[in-house]
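Comments concern the structure below.
The values are calculated or read from the model by the stated rules, or taken from the named source; none is laboratory data. Source: prediction; values computed, not measured. Don't worry about glycine lacking a Cβ; one is built from the backbone with ideal geometry, like all the others, and counts go over all protein chains shown.
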Amino acid sequence: MTVTERFLKYIAVDTTSDPSSDTFPSTRSQEAFAKALAEEMKETGLENVTVDSYGYVFGTIPSTIEDYQGKILGFIAHMDTSCAESGKNIRPRIIKNYDGKDIVLNEEKQIVMSPRDFSNLTQYQGQDLIVTDGTTLLGGDDKAGIAEILTAAQYLLAHPEIPHGPVRVGFTPDEEIGQGTDHFDVEKFGADFAYTMDGGECGELEYENFNAAEAVADFHGVSIHPGSAKGKMINALRLAMEFESLMPSAQRPECTESREGFIHLDALQGSVDHARSEYIIRDHDMSLFQEKKKHMEDMSRIMNIKYGYEAVSLKIEDSYFNMKEKIEPHKFLIDNVLKVYEKLGIRPQIQPIRGGTDGAQLSFKGLPCPNLGTGDHNCHGHFEFVCIQAMEKSVEVIVELVKLWH
């Protein structure tokens, strides 16, 4: 089965994760997909294939070296797709030999994907693209990664003459809602090092991500009938607006890029009596990350002093940290990727992730885990597309990395 055939097969299954669910995995469809993947892995020839009660799928590409005693490499991708756009009834279309012009995704709804808006299209002129019909996401994040890992596994199993140690394969649920590693058993997975294959251009190499925290600010107002409110009412919604005005305007997401962090007001709801603001805090630099959290705490104290009571209750919880400190002691993981990219003629793009990754959390659990691109673009929306040649090249990347572990 080719990587394209696998990809099209996988995206036909709706595996959208649900942040409001109290189960793990958050949707039953992920459980069904996990079991189907496990069966395919067994049929392909992987060994020790398991699906645990949380929906994690593990398997092994057996070693071709007798009595192998070296370190063990792993590859990981996630099964769920984002709830930001529908992942149900995906209707993909393959555009052969893309001509570099506008792509009409949906003529009836007049949905057009243009290189004027998505400059990343221009680099794929002359190649083959898989696109949506403009009403759903595509699912390349991260079914492209799954397809690439299992296609590489198929190749390695068909070529036992290639010397390599055992390779562990893992597929996780609920990455898109930030829970992908909550129940990941690193010891059971059994790899010493791994790579996540998750989105972005083939050639991307990421081992630096945001430090992240979530903040919830509760605002306690004084509700009085508006007709007799003078000198008495304290509107909780206005307290929330005041608090937001005290956040640095230059540190909003829409004003930042690259390694610049931000404080982002993600949700606001409430009434005169009570309001709640939900924030996310991000920065690659730990000291700047701590400064952002301290600023929020200082502003809540200032407001409480101003109003003479606890008008603001602030709770901040760390979510994940920059994996760079866990990767740098194992720099050979990066050097090996660069060797492979050079061999395959792939232009390396080392860049920080403006977000999180399963690899970051796994790195802090003791499994150093950089991320590699898969050829998927514009994820989480109906302009998502994947390049077939990029997926094929990503399969080669996996194979060549495995060859270095012998």
Query raised in the report: Given the structure, is T60 assigned by TED's automatic domain parsing to the domain that holds E187, crowded, with 19+ Cβ neighbours inside 10 Å, polar (S, T, N, Q) and touching a Pro at 6+ places or on another chain (Cβ under 8 Å)?
Result: yes
**Report entry** Among residues of the stretch 288-316, those that are in contact with a strand residue (DSSP E or B) (Cβ under 6 Å, 6 or more places away or on another chain) and closer than 30 Å to I350 by Cβ, counted
**Finding:** 3
Requested in this report: For D14, work out the one condition from (1) within 23 Å of L137 (Cβ to Cβ); (2) surrounded by fewer than 17 Cβ atoms within 10 Å (Cβ to Cβ); (3) modelled with pLDDT of 95 or more; (4) of a type outside the set (A, V, I, L, M, F, W, C) it doesn't fulfil.
Outcome: (2)
Query raised in the report: So is E108 without any contact (Cβ under 8 Å) to a residue 24 or more places away in the chain, part of a loop (DSSP other than H, G, I, E, B) and over 20 Å from S394 (Cβ atoms) or not?
Result: yes
Query raised in the report: Which of the following residues is without any contact (Cβ under 8 Å) to a residue 40 or more places away in the chain, assigned by TED's automatic domain parsing to the domain that holds R347, hydroxyl-bearing (S, T, Y) and not in a loop (DSSP other than H, G, I, E, B): T122, T196?
Result: T122
Requested in this report: Filter the stretch 17-53 down to the residues that are assigned to a loop (DSSP other than H, G, I, E, B) and over 21 Å from D141 (Cβ atoms), then identify the one that is modelled with the lowest pLDDT.
Outcome: D22
Query raised in the report: Among helices (runs of 4 or more DSSP H) lying entirely in the stretch 242-348, which contain 1 or more residues that are closer than 30 Å to A229 by Cβ and not aromatic (F, W, Y)?
Result: 286-307
Report task. Name the one entry in G261, G227 that is outside the structural domain of I76 (by TED's automatic domain parsing) and more than 27 Å from the chain's Cα centre (by Cα). Result -> G227
